[in-house]
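The values are calculated or read from the model by the stated rules, or taken from the named source; none is laboratory data. Worth saying up front: this structure is predicted, and the values here are computed from it rather than measured. With ideal geometry, Cβ positions are generated from the backbone for all residues, glycine too; neighbour counts draw on all protein chains shown. Please note that ligands, DNA and RNA were not included when accessible areas were found on the heavy atoms of the full protein model with its side chains. Shrake-Rupley method; radii C 1.70, N 1.55, O 1.52, S 1.80 Å.
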Amino acid sequence: MTGGWRTSSLRASRVRELLDGADLDIDVVAAELRYSLRRNHVAIVAWRDEDDGDDLAPTERFVDQLAESVAAESLLYISVDRLTGWAWVPMPADAAPTAVDRIRAFATGRAGAPWIAIGNPLPGVEGFRRSHQQAQEAHAVAIASGANAHRVTAASDPGLAAAALIGSNLDKSRVWVAEVLGPLASCTENDERLRETLGVFLRTGGSFKAAAEELHLHTNSVKYRVQRAIDRRGRPISDGRLDVEVALLLCHWYGSAVLHDE
């Protein structure tokens, strides 16, 4: 894989045609790209911050090393702009179930790694497109999250897909979250702890014991925090429980972007 070919305008043009659903001879395109389109694909969006400079080479090298770490062959990579690259990592069927976890482990363990958004492993040309779409959605959530973003965001992360759909208008989401959660939607460390505890409590079926185990807290501590969260909201959880869960999901993913100053 030579860097000149990978960044050529022809390769980028062919990739965009594929993503747009153009009627192409898949085998011809695969030969042009030097990348098999009949396998499982994990799409990746990799980007760096503005203050990291304009050098694209570190991101490309990182993606190369990432592919090697999961024993992938014939990586496809194109530079989108001076900060962002798109990649597709081909995975054999037996490696697909653990692909995202392995990519995450590699990326989080590397000093100076770029930000990473990952799609799900999906087969064939449609999988090539859909995995990229998922990676783009994860990328959009990470960008909107600002300081709340994780170094690696994956489409398979719990609640990510819903957050991407619901959070398309953060101004409206911010108003709605405040209406649902009341003062609990304040941007303070204490309210953040209360929201996290309440979210886990609801996700575990309203079990104080299960929530305590997940949070590594005493059951009484969970009970206290849940009651404090209810008090901060000013209404019982039974009053719009589904809305509460969705609002907490948005808080988890977008942080201060959907919260209010106390």
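For region 84-127, what is one quarter of the convex hull surface built on the Cα atoms, given in nm²?
3.5 nm²
If every alpha-carbon in region 140-200 counts as one equal scatterer, what log10 I(q)/I(0) does Debye give at q = 0.13, 0.15, 0.16, 0.24 1/Å?
-0.39, -0.52, -0.60, -1.30
Under a 1.4 angstrom probe, counting protein chains only, how are Ser74, Ser131 ranked by accessible area, largest first?
Largest to smallest exposure gives the sequence Ser74, Ser131.
For a bin width of 10 Å, list the pair-distance distribution of the chain built from all Cα-Cα distances, rounded to whole %.
It works out to 7, 27, 28, 20, 13, 4, 0, in whole percents.
Give the distance, in whole Å, between the Cα centre of region 41-79 and the Cα centre of region 9-34.
20 Å
Using the Kirkwood radius over C-alpha pairs as Rh, can you work out the diffusion coefficient of region 56-118 via Stokes-Einstein at 25 °C, viscosity 0.890 mPa s, in µm² per second?
Using the Kirkwood radius from Cα pairs, D works out to 204 µm²/s.
Using a 7 Å offset from the Cα along the Cα-to-Cβ direction at both Thr108 and Glu179, what is the distance between the two label points in nm, to one decimal?
3.6 nm
Give me the log10 of I(q) over I(0) for region 1-152 at q = 0.13 Å⁻¹, as the Debye formula computes it from C-alpha points; what are the numbers?
Results for region 1-152 at q = 0.13 Å⁻¹ read -0.54.
Between Glu196 and Ile26, 0.36 nm times their residue separation minus their Cα-Cα distance comes to what?
56.5 nm
With the contact rule set at Cα under 8 Å and sequence spacing of 6 or more, what percent relative contact order holds for region 187-262?
38 percent
Over region 64-125, what relative contact order in percent results from Cα pairs under 8 Å that are six or more residues apart?
Values: 46 pairs, mean separation 17.4, N = 62.
Over region 64-125, the number comes to 28 percent.
Spin-label point model (7 Å from Cα, Cβ direction): what's the Ala57 to Ser238 distance in nm?
Spacing of the two 7 Å Cα→Cβ label points: 6.6 nm.
Under a point spin-label approximation (7 Å from Cα along Cα-to-Cβ), what is the Ala210-Glu73 distance to one decimal in nm?
Result for the modelled spin labels: 4.4 nm.
Restricting to the chain, compute how many DSSP beta bridges are antiparallel as a %, nearest 5.
80 percent
What residue among Arg16, Arg130, Arg233 shows peak mean-square fluctuation when the chain is described by a Gaussian network model with Cα springs under 10 Å?
In the Gaussian network model the winner is Arg16.
When the dipole is taken about the Cα centre of the chain, and only Lys, Arg (+1) and Asp, Glu (-1) are charged at their Cβ, what size is it in debye, to the nearest 20?
Using Cβ point charges on Lys, Arg, Asp and Glu, the chain gives about 640 debye.
Could you grab the Rg to Rh ratio for region 114-231? Cα atoms only, Kirkwood for Rh.
Across region 114-231, the Cα-based Rg/Rh ratio is 1.05.
Quick check: residue separation of His150 and Gln65 times 0.36 nm, minus the Cα distance between them. What number comes out in nm?
28.6 nm
Given bins 5 angstrom wide, list per bin the percent of all Cα-Cα distances in region 196-262, short to long.
4, 18, 26, 25, 20, 7, 1
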